[in-house]
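The values are calculated or read from the model by the stated rules, or taken from the named source; none is laboratory data. Since the structure is predicted, the reported quantities are computational estimates derived from the model, not experimental observations. Quick reminder, even Gly has a Cβ in these numbers, built from the backbone with ideal geometry, and neighbours come from all protein chains shown.
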Amino acid sequence: MKKFTLKNIATEAKLLLIGIPLIIWTLIPVYHLFLFSISTKDSATSGHLWPVHPTLQNFEFVLMQKHFYLNYFWIQMWNSLFIALMVGFFTLLISTFAAFAISRLKVRGGRTVLNLALFTYFIPAAFLAVPMYKTMGQYGLLNNQLSLILAMITIASPYSIWVLKQASDKLPLELDEAARMDGATPMQLFRLVYLPLMVPSLVAVGTYSLLLAWNEYLYAFLLLSKEDSFTVGVALGNFLSADDSPWELLMTTGLIYALPPAAIYYTFKRYMVSGLTAGAVKS
Amino acid sequence: MVVPYLLIFFIFVVYPVGYGLWLARHPDSYERLFADPIFYRTVINTLVFLVVGINIKMVIALMLSGFFVQKRWWISIISMIFILPWALPSIPTILSVRFMLNPEWGIINTQIFQLTGADGPNWLNDPVLALCLAMVMHIWKSLPFWTLILVAARLSIPGEQYEAASVDGATNWQKFRFITWPSMKTIYLTSTILSMIWTLGDFNSVYLLTGGGPADMTHVLATLGIRYLRLDQVDLAMASIVVAMPFVLPLVFFMMKRLSK
């Protein structure tokens, strides 16, 4: 227990002076989102910091799809979920294979593959979007959710390979040797030795790609163009195009759309933070 | 086992990039690009965004990392909340800010009116102010991530060094200057460069907040490329990206060398 000296109190006060503004700064946009969702339109647009008559009516409108902007709300939620799950699963599959082959089997050219992946990782995502959109047209995949899934796998896997490769390098090589002495094939080595040891990193990478796909806006809005194939993010962007949009419903939908990634993040926080900061920038 | 990734790489990276370059092969595209006044504005905006915006963000992240390594129960709670912008999708939060800034019914201007009786500024209708707000939006969104990286870097500095310095009577500034900064400057530099490369691809902060407006004055390269694409001028979209390559590629290769050591 620290003594309550004047100096200690001053230090705490200084820390609080940083902490409190920081919380306010972080939460303002989120609070405003919440404020809109429990306000009627009149109340939300007249500058109240707390609604005169808080209401859950907006949630009822959104969840019951009671507005023509929301006709496809549940389908779009499903689309977002389906795309995120597919991206998460296939990114995990592809990048685990690649990391295992490069790090444990030491395949020839592994170094090159890793460099290619790193190169893709560093290309600004919006720059790749233009040619990607044109080629998806050539492949005949436009307006097909497959195009978004493939695009997001392309964007998520380089980083995943990189993180998984870093984590695999840390596993002792003796394990592989021992398993091979016992006559394990590479596939058995992969399934019985490698995968169980990699679980924390796999959770980190899976969560990362899932969130990346769920949260994506640019690629989703370029590649999807039918209301019933939109993700929720694209549908929200479309609200903006009209002048008389029901802003309070847009914000309510936005809040609902933001909840799953927050929940997933906090559930897997332990894995995310160590896994991702370790890979992002090597010190 | 690397074949699945290589397939993805060749079908969705190599071919599109090659095809994109082929689309931008005519010198004519570049002439039209350079003749477009919006392009100059975009280049300036992008440079301001990278040089001013990113450096401000990284300096704040460096200072905040010093705050978050303090051991207090309430600081761990703040750090849980602080990470939120990074985990949440961009679109709801950016639209939330956009509505706050609405000159007629946004909460900021209605509050200004109620408190002072004067009309607040027309935030997003002033190109300079709108670009600044887009930078603020970008900082709000990505500050947590970089703070986290720098916190990790700070935590890897051995505590004994600070203890020894305290014994010798070093001030906080001297501790930062002679212990913290020397062990962090490499990762700080790397983070800054990486953040600059990625920010070139930050479409959301600008597009969702200002839409490139007013009068296409707040575009950055990321949104300009998409604007040309929407106007069906793919060659200009690609040309604007190709023009950025001489600046981007050296940074990318620098990063690759750093990471694959």
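Taking only pairs six or more apart or across chains, which ones have beta-carbon atoms under 9 Å, a first residue in the range B:186-199 that is within 13 Å of B:ALA153 (Cβ to Cβ), and a second residue that is surrounded by fewer than 18 Cβ atoms within 10 Å (Cβ to Cβ) and among the aromatic types (Phe, Trp, Tyr)?
Qualifying pairs under 9 Å: B:TYR188/B:TRP181; B:THR190/B:PHE254.
Please pick out the residue among A:SER168, A:SER225 that is touching a residue at least 12 places away in the same chain (Cβ under 8 Å), outside any helix (DSSP H, G or I) and of a type in the set (S, T, N, Q).
Going through A:SER168, A:SER225 in turn, the sole match is A:SER225.
Would you mind stating whether A:LEU118 is at pLDDT below 90, more than 8 Å from chain B (Cβ to nearest Cβ) and assigned to a helix (DSSP H, G or I)?
Criteria not met by A:LEU118.
Kindly indicate the residue of the range A:36-58 that is in a helix (DSSP H, G or I) and in contact with a helix residue (DSSP H, G or I) (Cβ under 6 Å, 6 or more places away or on another chain) and also nearest to B:ILE107 (Cα to Cα) among those meeting that condition.
Step one: filter the range A:36-58 for residues in a helix (DSSP H, G or I), giving A:36-37, A:41-44, A:57-58.
This time we only want the ones that are in contact with a helix residue (DSSP H, G or I) (Cβ under 6 Å, 6 or more places away or on another chain), so: A:36-37, A:41, A:44, A:58.
Details: A:PHE36: 10, A:SER37: 14, A:LYS41: 13, A:ALA44: 8, A:ASN58: 19 Å.
Across the range A:36-58, the extreme among qualifying residues is A:ALA44.
Which is of a type in the set (Gly, Ala, Ser), surrounded by 14 or more Cβ atoms within 10 Å (Cβ to Cβ) and facing chain A (nearest Cβ under 8 Å), of B:ALA153, B:ALA165, B:ALA170?
B:ALA153
Can you tell me which of A:LEU142, A:LEU189 is outside any helix (DSSP H, G or I) and touching a residue at least 60 places away in the same chain (Cβ under 8 Å)?
A:LEU142
Considering (1) within 22 Å of B:LEU148 (Cα to Cα); (2) out of contact with any Pro (no Cβ under 8 Å at 6 or more places or on another chain), say which one B:TRP198 fails and leave the rest.
The single condition B:TRP198 does not satisfy is (2).
I'm told A:THR26 meets every condition in (1) touching a Phe, Trp or Tyr at 6+ places or on another chain (Cβ under 8 Å); (2) hydroxyl-bearing (Ser, Thr, Tyr); (3) not in a helix (DSSP H, G or I) except one. Can you identify the failing condition by its number?
(3)
Would you mind stating whether A:LYS134 is surrounded by 15 or more Cβ atoms within 10 Å (Cβ to Cβ), in contact (Cβ under 8 Å) with a residue 60 or more places away in the chain and basic (Lys, Arg)?
Spelling it out, it is not the case that A:LYS134 is surrounded by 15 or more Cβ atoms within 10 Å (Cβ to Cβ), in contact (Cβ under 8 Å) with a residue 60 or more places away in the chain and basic (Lys, Arg).
Of the residues B:VAL51, B:VAL43, which single one is surrounded by fewer than 13 Cβ atoms within 10 Å (Cβ to Cβ), in a helix (DSSP H, G or I) and either of a type in the set (Ser, Thr, Tyr) or more than 9 Å from chain A (Cβ to nearest Cβ) (or both)?
Of the residues listed, the single one that is surrounded by fewer than 13 Cβ atoms within 10 Å (Cβ to Cβ), in a helix (DSSP H, G or I) and either of a type in the set (Ser, Thr, Tyr) or more than 9 Å from chain A (Cβ to nearest Cβ) (or both) is B:VAL51.
Does A:ASP176 satisfy being away from every other protein chain (no Cβ under 14 Å), over 26 Å from A:LEU33 (Cα atoms), of a type in the set (Asp, Glu) and touching a helix residue (DSSP H, G or I) at 6+ places or on another chain (Cβ under 7 Å)? Show your work before the answer.
Details: away from every other protein chain (no Cβ under 14 Å): yes; over 26 Å from A:LEU33 (Cα atoms): yes; of a type in the set (Asp, Glu): yes; touching a helix residue (DSSP H, G or I) at 6+ places or on another chain (Cβ under 7 Å): yes.
Considered against the rule, which asks whether it is away from every other protein chain (no Cβ under 14 Å), over 26 Å from A:LEU33 (Cα atoms), of a type in the set (Asp, Glu) and touching a helix residue (DSSP H, G or I) at 6+ places or on another chain (Cβ under 7 Å), A:ASP176 comes out as yes.
Got a sec? Which of A:THR252, A:THR207, A:THR231 is at pLDDT 90 or above, under 12 Å from the mean Cα position of the chain (by Cα) and not assigned by TED's automatic domain parsing to the domain that holds A:LEU35?
Sole residue among the options that is at pLDDT 90 or above, under 12 Å from the mean Cα position of the chain (by Cα) and not assigned by TED's automatic domain parsing to the domain that holds A:LEU35: A:THR207.
Considering every residue within the range B:80-91, establish whether at least one is buried (at least 19 other Cβ atoms within 10 Å of the Cβ), in a helix (DSSP H, G or I), without any contact (Cβ under 8 Å) to a residue 12 or more places away in the chain and within 11 Å of chain A (Cβ to nearest Cβ).
Yes, some residue in the range B:80-91 is buried (at least 19 other Cβ atoms within 10 Å of the Cβ), in a helix (DSSP H, G or I), without any contact (Cβ under 8 Å) to a residue 12 or more places away in the chain and within 11 Å of chain A (Cβ to nearest Cβ).
Identify, from the list A:ILE161, A:ILE153, the residue that is modelled with pLDDT of 85 or more and in contact with a Leu (Cβ under 9 Å, 6 or more places away or on another chain).
A:ILE161
For the range B:99-122, which residues satisfy the criterion of being in a helix (DSSP H, G or I) and surrounded by fewer than 21 Cβ atoms within 10 Å (Cβ to Cβ)?
B:MET100, B:ILE108, B:THR110, B:GLN111, B:ILE112, B:PHE113, B:GLN114, B:LEU115, B:THR116
Taking B:ALA215 and the conditions (1) surrounded by 14 or more Cβ atoms within 10 Å (Cβ to Cβ); (2) modelled with pLDDT under 90; (3) in contact with a helix residue (DSSP H, G or I) (Cβ under 8 Å, 6 or more places away or on another chain), which numbered condition does it fall short on, given that it satisfies the others?
Evaluating B:ALA215 over (1) surrounded by 14 or more Cβ atoms within 10 Å (Cβ to Cβ); (2) modelled with pLDDT under 90; (3) in contact with a helix residue (DSSP H, G or I) (Cβ under 8 Å, 6 or more places away or on another chain) leaves (1) as the failure.
Kindly establish whether A:GLN188 is facing chain B (nearest Cβ under 10 Å), surrounded by fewer than 20 Cβ atoms within 10 Å (Cβ to Cβ) and modelled with pLDDT under 90.
no
Among (1) more than 20 Å from the chain's Cα centre (by Cα); (2) under 25 Å from A:ASP169 (Cβ atoms); (3) among the aromatic types (Phe, Trp, Tyr), which single condition is B:PHE253 missing?
Checking B:PHE253 against (1) more than 20 Å from the chain's Cα centre (by Cα); (2) under 25 Å from A:ASP169 (Cβ atoms); (3) among the aromatic types (Phe, Trp, Tyr), the one that fails is (1).
Looking at (1) outside any helix (DSSP H, G or I); (2) in contact (Cβ under 8 Å) with a residue 60 or more places away in the chain, find the lone condition where A:ALA184 falls short.
(2)
Restricting to the range B:54-75, and then to whatever is within 11 Å of chain A (Cβ to nearest Cβ) and in a helix (DSSP H, G or I), can you tell me which residue is nearest to A:ALA126 (Cα to Cα)?
Only one residue tops the list, namely B:ILE60.
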